[in-house]
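Read the structure below first, then the notes.
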Amino acid sequence: MTTSNPTDSRILYIDDNPINRSLVKRLLANYGFEIFEAGTGLEGIALAQENPPHLILMDINMPGLDGHETTTRMRSISDLKDTPIIAVTARTTEGERELALAAGCDGYIPKPIDVDTFPQQIIAYLEGHRDKLNRDEFQKHFDRYSQKLVERLESKLIELQEVNIRLRKIDKMKSDFITLAAHELRTPLAVAYGYADVLQDVTQNEGQTPETFEQVQDLSRRIYESTHRLTEVVNDILNASLINANEMQVVEQPVSLFEVVTSALAELGPFQDERQLDITIDDMDALPFIFGDAKKLQQTFWNLLSNAIKFTPDGGSINVSGTEINPDDDPRFNKKGVLISVKDSGVGISPSDTEAIFEQFYVVGNTTYHRSSKTAYQGGGIGLGLPIAKGVVKAHQGKIWVESAGRNDTECLGSTFHVYLPLNEGLT
Ligand code: ADP
């Protein structure tokens with residue numbers, strides 16, 4: 001496809017760098033060329049097929065299909081097989097020109113382009129000039145190019161396999177989540193349903209005696225507790241969706257972390273007699289207040305304490321301590337803050353799980369034997385406690401992480417969860 005006047009030609013410029021594209025576009029438009037642009041090889045192929053250009057300028061280093069591969073693909077499209085394709089590239093080491101020609105390019109212009117000679121070079125290619133390799137040279141570089149293509153294909157396949165494994169893991173996590181969520185919702189629902197049934201019988205069949213009144217009170221308390229648990233599960237699911245959408249809002253007010261931790265433990269209820277755990281909270285009254293959301297932080301420590309209780313066998317110990325952080329003394333942090341550590345003598349966490357447990361729906365081990373509880377030994381949840389804790393801490397510009405020597409259900413190597421919260425002074 002030619003025009004009588006080369007400067008009337010339509011040129012497609014493919015480059016992932018928008019600054020390069022606008023520079024070349026402006027330069028060539030001054031000479032009258034019509035330029036259209038693409039930011040990727042695939043986009044370039046689609047545009048060129050839709051509206052075949054008179055010449056194509058091809059960047060080589062691009063993510064996705066690179067310039068060589070895009071050129072090779074274009075050569076197999078009948079409308080483009082004779083279109084001059086000129087490599088415009090910063091790859092200027094020895095052999096790069098030959099590689100571009102072996103891939104199907106008709107010319108090679110190194111970057112940075114020379115603005116004085118560039119338009120003339122384009123006109124020469126439009127008038128039929130072609131850079132050529134002799135047969136031996138072509139064969140040598142074509143072999144090199146084929147090898148490079150196979151290597152790229154191999155690394156892409158490996159990448160795809162890895163993505164596939166990750167996707168399958170996420171898929172499994174989601175289906176486990178559905179099973180666990182159904183279980184978590186069904187247990188308190190069945191309890192509430194059962195008690196409501198008994199309540200109906202009691203109020204229908206018994207007279208208005210003081211015993212009936214006590215029975216009614218007891219049953220309605222149990223129904224209240226079950227529906228309260230249902231609300232907690234639903235709230236966890238809703239909170240998790242806020243983390244995904246990055247929409248967690250924190251109310252900022254002065255907060256005593258000592259009070260927050262103490263209230264979180266109190267909220268876990270009277271489980272001590274059943275579990276015989278030695279739970280201590282160090283005196284943290286001297287710690288500075290932080291600016292944050294007391295309710296959300298209480299939920300965070302509730303989650304950490306509930307986990308520590310669940311994963312520590314009877315007779316074990318849990319300790320909560322706090323220290324003030326000054327970045328001058330501790331280079332791990334860049335702002336003044338408070339570090340709260342929840343240490344347990346429980347089953348511990350294996351190194352391969354220490355990051356993953358903060359991901360949504362991640363539950364260590366087999367979910368088939370899931371047993372819903374917030375305090376029973378090895379009781380289960382829906383795998384949202386830690387991701388929510390992480391979301392809350394992140395919303396406070398803090399950090400949460402765990403240290404553990406590994407998981408061992410008999411030796412119990414223990415875990416320590418650390419929460420760093422900056423003071424956020426003045427963020428009222
Ligand atoms: P859930 O809400 O189901 O308890 P979490 O997100 O709170 O889920 O925790 C995810 C997993 O991390 C748990 O299933 C458990 O295997 C592991 N885990 C959390 N805390 C501890 C701990 N203190 N000791 C041992 N394992 C823990």
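Every test in (1) closer than 18 Å to GLU411 by Cβ; (2) touching a residue at least 40 places away in the same chain (Cβ under 8 Å) is passed by PRO288 save one, and that test is (1). Restricting THR203, THR179 to residues that are under 28 Å from GLN360 (Cα atoms) and modelled with pLDDT under 90 narrows the list to THR179. If I filter the stretch 100-112 for residues that are surrounded by fewer than 16 Cβ atoms within 10 Å (Cβ to Cβ) and either touching a residue at least 24 places away in the same chain (Cβ under 8 Å) or among the aromatic types (Phe, Trp, Tyr) (or both), do I get at least one hit? Checked against the condition, which is being surrounded by fewer than 16 Cβ atoms within 10 Å (Cβ to Cβ) and either touching a residue at least 24 places away in the same chain (Cβ under 8 Å) or among the aromatic types (Phe, Trp, Tyr) (or both), the stretch 100-112 yields no hits at all.
Here's the yes/no breakdown for (1) in contact with a Ser or Thr (Cβ under 6 Å, 6 or more places away or on another chain); (2) in a loop (DSSP other than H, G, I, E, B); (3) of a type in the set (Gly, Ala, Ser):
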residue: ASP16; (1), (2), (3): no, yes, no
residue: TYR31; (1), (2), (3): yes, yes, no
residue: PRO53; (1), (2), (3): no, yes, no
residue: LEU65; (1), (2), (3): no, yes, no
residue: HIS68; (1), (2), (3): no, no, no
residue: THR71; (1), (2), (3): no, no, no
residue: THR83; (1), (2), (3): no, yes, no
residue: THR92; (1), (2), (3): no, yes, no
residue: LEU99; (1), (2), (3): no, no, no
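Do we have any residue at all in the stretch 82-92 that's in contact with a Lys or Arg (Cβ under 7 Å, 6 or more places away or on another chain), hydrophobic (A, V, I, L, M, F, W, C) and exposed (fewer than 15 other Cβ atoms within 10 Å of the Cβ)? Yes; the residues of the stretch 82-92 include at least one that is in contact with a Lys or Arg (Cβ under 7 Å, 6 or more places away or on another chain), hydrophobic (A, V, I, L, M, F, W, C) and exposed (fewer than 15 other Cβ atoms within 10 Å of the Cβ). Scanning the stretch 391-426 for residues that are among the hydroxyl-bearing types (Ser, Thr, Tyr) and more than 8 Å from the ligand (Cβ to nearest atom) gives THR410, THR416, TYR420.
In the stretch 414-428, how many residues are assigned to a loop (DSSP other than H, G, I, E, B) and either at pLDDT 95 or above or under 14 Å from SER321 (Cβ atoms) (or both)?
At the first step, the residues of the stretch 414-428 found to be assigned to a loop (DSSP other than H, G, I, E, B) are 414, 423-428.
Filter again for either at pLDDT 95 or above or under 14 Å from SER321 (Cβ atoms) (or both), leaving 414.
Summing the residues that are assigned to a loop (DSSP other than H, G, I, E, B) and either at pLDDT 95 or above or under 14 Å from SER321 (Cβ atoms) (or both) in the stretch 414-428 gives 1.
Against the conditions (1) in a helix (DSSP H, G or I); (2) aliphatic (A, V, I, L, M); (3) touching a residue at least 24 places away in the same chain (Cβ under 8 Å), LEU160 satisfies every one except (3). The set of residues in the stretch 272-320 being among the polar types (S, T, N, Q) and under 15 Å from SER256 (Cβ atoms) consists of GLN298, THR300. Just one of (1) more than 16 Å from the ligand (Cβ to nearest atom); (2) in contact with a Ser or Thr (Cβ under 6 Å, 6 or more places away or on another chain) fails for SER345. It is (1). With respect to the numbered conditions (1) more than 21 Å from ALA264 (Cα to Cα); (2) more than 12 Å from the ligand (Cβ to nearest atom); (3) at pLDDT 95 or above, which one is the sole condition not fulfilled by GLY322? Against the list (1) more than 21 Å from ALA264 (Cα to Cα); (2) more than 12 Å from the ligand (Cβ to nearest atom); (3) at pLDDT 95 or above, GLY322 comes up short only on (1). Give the residue, chosen from LEU99, LEU126, LEU133, LEU157, that is among the aliphatic types (A, V, I, L, M) and more than 30 Å from SER9 (Cα to Cα). Result: LEU157 is the single residue among LEU99, LEU126, LEU133, LEU157 that is among the aliphatic types (A, V, I, L, M) and more than 30 Å from SER9 (Cα to Cα).
Rundown of residues vs (1) in contact (Cβ under 8 Å) with a residue 12 or more places away in the chain; (2) farther than 25 Å from GLN120 by Cα, yes/no style:
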| residue | (1), (2) |
| --- | --- |
| ASP16 | yes, no |
| ARG26 | no, no |
| TYR31 | yes, no |
| ILE35 | yes, no |
| ALA38 | yes, no |
| ILE45 | yes, yes |
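Out of all the residues in the stretch 243-277, which are at pLDDT below 75 and within 16 Å of the ligand (Cβ to nearest atom)? Residues satisfying the conditions are ILE243, ASN244, PHE271. Of all residues in the stretch 300-313, those that are within 10 Å of the ligand (Cβ to nearest atom) have Cβ atoms under 7 Å from Cβ atoms of residues that are among the charged types (D, E, K, R), 6 or more apart or on another chain, in SER306/LYS374; ALA308/ASP344; ILE309/ARG275; PHE311/ASP344; THR312/ASP344.
Do we have GLU359 as at pLDDT below 90 and more than 13 Å from the ligand (Cβ to nearest atom) here? Steps first, please.
Values: at pLDDT below 90: yes; more than 13 Å from the ligand (Cβ to nearest atom): no.
No; evaluated as a whole, the condition is false for this residue.
Counting only helices (runs of 4 or more DSSP H) that fall entirely inside the stretch 251-314 and contain at least 1 residues that are more than 20 Å from GLY379 (Cβ to Cβ), the qualifying elements are 257-267, 294-310. Looking only at the stretch 372-390, residues that are at pLDDT 90 or above and more than 7 Å from the ligand (Cβ to nearest atom) come to 2 in all.
The values are calculated or read from the model by the stated rules, or taken from the named source; none is laboratory data. These figures come from a predicted structure and were not determined experimentally. Neighbour counts run over all protein chains shown; Cβ positions are idealised from the backbone, glycine included.
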